[in-house]
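My questions all concern the structure below.
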Amino acid sequence: MRTALRMVVAVALLGGAPAFCGGAVAQTLPTFQQYPLRDRVFGPGGALFPDYSNPSEGGTSYMTGVGSAKGAIFAAGTTDFNCQQTQVPTIKVLSAPAGAKIGIGFGRFVATGIDGGALGLNGGATTKCVGQTLKGTVVTYKGPRRPGETVSLRVTYPVTGAWYDHVVPVPAR
């Protein structure tokens, strides 16, 4: 049974579904010129990433913001031109107040700024994602909160290895 199911799925992905369907359905299926194999598997409505849409412009933006988790003080992520998550940056704590517990994990955040990355054809296209909820690395803080204390972080973005240092104030309760 599993082998038969796999064969039907493979034939459908490769465009052979008309052989198994009636004439009316066969006329409505797109050709490989209209809907290439790459898009049938990876593109919008595809088998592996059905919600992904190919951006009209290339490049990756490095976004920063504040996480939605309790105690979140900073967050960073990478997006394509359509504000879809690409790869997750790594964050290293350079310094923190004594007695502080810093957590670093994957989560959602609202983009409030840009560290860098590719600019679109119109120059400032990376600002398109500012204000949107994105996914990335979120830093949380637990511990004493004294006025004027800060946490120093180094954010390293994947592929290029570009890094930026951030000094984040510890918010008062």
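Scan the stretch 75-92 residue by residue and report those that are within 16 Å of the chain's Cα centre (by Cα), assigned to a strand (DSSP E or B), within 16 Å of G105 (Cβ to Cβ) and at pLDDT 85 or above.
A75, A76, G77, T90, I91
Something else now. Would you check which residues across the stretch 131-170 are in a loop (DSSP other than H, G, I, E, B), in contact (Cβ under 8 Å) with a residue 24 or more places away in the chain and under 20 Å from T90 (Cβ atoms) and list them?
Listed by number, the residues that qualify are Y157, P158, V159, A162.
Moving to a separate point now. Please go through the stretch 78-99 and pick out each residue that is of a type outside the set (K, R) and under 19 Å from H166 (Cα atoms).
T78, V88, P89, T90, I91, V93, L94, S95, A96, P97, A98
The values are calculated or read from the model by the stated rules, or taken from the named source; none is laboratory data. These figures come from a predicted structure and were not determined experimentally. Every residue, glycine as well, gets a Cβ built from its backbone with ideal geometry; the counts of neighbours run over all protein chains shown.
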